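Okay, structure first, notes after.
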Amino acid sequence: MSLRITAIGTGYLGATHAACMAELGFEVVGVDVDETKIKALAAGEVPFYEPGLAELLERHVSSGRLRFTTSFAEAGEFGDVHFLCVGTPQRPDGLAADLSHVEAATAALAAHLTRPALVVGKSTVPVGTAARLQVMLHELSPVGTGASLAWNPEFLREGHAIEDTLAPDRLVFGVTRQADEDLLREVYACALAAGTPLVTTDWATAELVKASANAFLATKISFINAIAEICEVVDADVVALADAIGHDPRIGRRFLNAGLGFGGGCLPKDIRAFMARAGEIGAADALSFLREIDSINMRRRQRAVEVTREVAGGSVLGANIAVLGVAFKPESDDVRDSPALNVAGQLQLQGANVRVYDPKATANARQVFPTLRYFDSAEQACSKADVVLHLTEWDEFAALDPAELLRIVRKPVVVDGRNTLDAARWRQAGWTYRGLGRP
Ligand code: NAD
């Protein structure tokens, strides 16, 4: 009989994982403590935006292969393999990760494990968490040591979550028993057959792989943004520079896009949690550079505000500022720690009249920043604008016709916070174009 799988926590990661496991042919149950979310998912509706997910979910909910519940008893009874996908946000009182959701979900599930099962951690956690959860599982589950634990970090990117789940660029299994590795190989048989590289290792290494991958990516972005700061002083062009150094295969061009920096529900909190954990285990010095990475990143938001003030003539008080994009990245409605929303909010607080358009993230942004004004199109947001800010690089903004837009605005000034608009085209159409880190 085919394996029965649960996803505990049905947010961006868990809902995607559940739908993809159903797509692979498994019977799946998704579990969450959020009843509203579970109701929506059970009705075949995705409560957030992820390209392709709505169709996948609809298909498998209709076929009955994918179900959703708030009942851990149902999940425990049903599943052979339970994927832990709950959130690990930053703690409100410091840099460390808040593990209360992971612990609560593990405890709730453990109490209902009445037959041998494998619990697989996917959430991003500080090194050492798996070892603690294993003890919890053994103590709390009726089946005792029959409940086993593996760590299988997740690398999906929002906006590409389905392809990343169905065809990941690598798989990491942190396991302590051959039987657990065999079970995971069964779950991921399709990807493995297609040649996906697999690294099988211990729990601590598996946990550290995820933290290190995010620390590296954050470092790459902040590196080029630090160079952008230098370029700004000497009127050099960070985009040309990135192209040039990116041709070196040892460096590579990806993740060298200077601009507003990184945000979202992962990178910022993950590098902070990594630093905090390094401190706890007595290795703070090893990761002290991540504090600088974080600072460089946060300075970009400040810089975007300064450039906006500059092009607005020294002050944004009373100025109409059109903001194109508030999601933390394109193809997502996620505004968690969004650099774009941060900049929009700062300008509003400095007296600007901020007019926002985002193709998908308006509802989420409105919850965080209800005082901004939200519009249904780029044209509406840009009406009578004194400055247009391009803050999230949605394709539809690259496709805007600067000549058309020129007729709508009060002053043709654009600040490209992502350095992805065609500068020459905007200038030719009569705009004053300012990039970040560009002359
Ligand atoms: P999310 O906030 O979208 O989803 C978390 C879900 O867990 C929520 O629906 C919440 O209601 C649920 N939850 C909380 N406590 C619970 C409990 N006790 N039992 C059951 N459900 C519970 O978060 P996310 O973006 O999906 O991230 C989840 C984890 O995956 C995090 O550790 C994150 O770092 C990691 N991750 C996320 C991504 C991504 O792109 N979003 C990528 C890789 C890894």
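The values are calculated or read from the model by the stated rules, or taken from the named source; none is laboratory data. Here the structure is a predicted model, which is why all the values come from computation and not from measurement. Cβ atoms come from the backbone with ideal geometry, glycine included; neighbour counts cover every protein chain shown. Side chains included, ligands, DNA and RNA excluded: accessible areas come from the protein's heavy atoms. Shrake-Rupley method; radii C 1.70, N 1.55, O 1.52, S 1.80 Å.
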The answer for residue 389, listing residues at least 5 apart or on another chain whose modeled amide H is closer than 5 Å to its amide H, is 322, 323, 324, 415
Mind putting together the pair-distance distribution for the stretch 313-439? All Cα pairs, 10 Å bins, whole percent per bin, short to long. 14, 50, 33, 3
How large a share of the accessible area of the chain, in percent, is made up of carbon and sulfur atoms when the probe is 1.4 Å and the other protein chains stay in place? 55 percent
Assigned charges on the beta-carbon of Lys, Arg, Asp, Glu; the chain dipole about Cα centre (debye): 940 debye
Can you compute 3J(HN,Hα) from phi for each residue in the stretch 166-181, using the Karplus curve 6.51 cos²θ - 1.76 cosθ + 1.60 with θ = phi - 60°, rounded to whole Hz and x for Gly and Pro? 7, 9, x, 7, 6, 10, 10, 10, x, 9, 10, 9, 4, 4, 6, 4
State log₁₀ I(q)/I(0) for the chain at q = 0.07, 0.09, 0.11, 0.14 Å⁻¹ as given by the Debye formula over alpha-carbon point scatterers of equal weight, solvent excluded. -0.38, -0.62, -0.89, -1.27
Most positive-pole-ward Cα, 390, 316, 244, against dipole of the chain from beta carbon charges: 316
For the chain, what does -39500 (n - 2.57) per DSSP helix run (n ≥ 4), summed and divided by total residues, give at 222 nm, in deg cm²/dmol to the nearest 500? -13500 deg cm²/dmol
Using Cα pairs under 8 angstrom and six or more residues apart, how large is the relative contact order of the chain, in percent? 12 percent
Between helix 203-234 and the chain: long-axis angle, C-alpha atoms, 0 to 90°, nearest 10: 0 degrees
Each label point is 7 Å from the Cα along the Cα-to-Cβ direction; what then is the distance between the points at residue 202 and residue 157, in nm? 3.3 nm
Between beta-carbons, use under 15 Å as the cut-off and find the net charge around residue 178, counting Lys and Arg +1, Asp and Glu -1. -3
With an 8 Å Cα cut-off and a minimum separation of 6 or more residues, compute the relative contact order for the stretch 4-201 in percent. 18 percent
Would you mind computing, in nm to one decimal, how far apart the modelled labels at residue 299 and residue 190 are, each placed 7 Å from Cα along Cα→Cβ? 4.6 nm
Under 5 Å between amide H atoms, partner at least 5 residues away or on a different chain: which partners does residue 372 have, H built in plane at 1.01 Å? none
If I stretch the segment between residue 182 and residue 236 completely, what's the gain in nm (0.36 nm per residue apart, minus their alpha carbon distance), one decimal? 14.0 nm
Gain on full stretching of the segment that runs from residue 58 to residue 253 - 0.36 nm per residue minus C-alpha separation: 66.5 nm
Each label sits 7 Å from Cα toward the beta-carbon; between residue 384 and residue 280 the label points are separated, in nm, by 5.3 nm
Using alpha carbon centers only, the stretch 93-157 is separated from the stretch 38-81 by a whole-angstrom value of 21 Å
Solvent-accessible surface ranking, highest first, for 175, 102 at 1.4 angstrom: 175, 102
Take every DSSP beta bridge with both residues inside the stretch 299-435 and express the antiparallel ones as a percent of the total, to the nearest 5. 0 percent
So how many Å³ per residue does the convex hull of the Cα atoms of the stretch 176-329 work out to? 180 Å³
Sequence-distant residues sharing a close amide H with residue 147 (under 5 Å, placed H): 117
Order of 115-127, 192-204 by packing, highest average Cβ count within 10 Å first? 115-127, 192-204
In the chain, if the dipole is taken from +1 on Lys/Arg beta carbons and -1 on Asp/Glu beta carbons about the Cα centre, which of 152, 95, 175 is farthest to the positive end? 95
Pairs to check: 269/329; 329/411; 37/329; 220/269; 37/210. Give those whose C-alpha atoms are more than 20 Å from each other in this structure. 329/411; 37/329; 37/210
Enter the angle in degrees (range 0 to 90, nearest 10) between the Cα long axis of helix 129-140 and the first principal axis of the Cα atoms of the chain, meaning the one along which they spread out most. 40 degrees
What accessible area per residue comes out for the chain, rounded to a whole number of Å², with a 1.4 Å probe? 41 Å²
Degrees between helix 100-110 axis and first principal axis of the chain (Cα, 0 to 90, nearest 10): 30 degrees
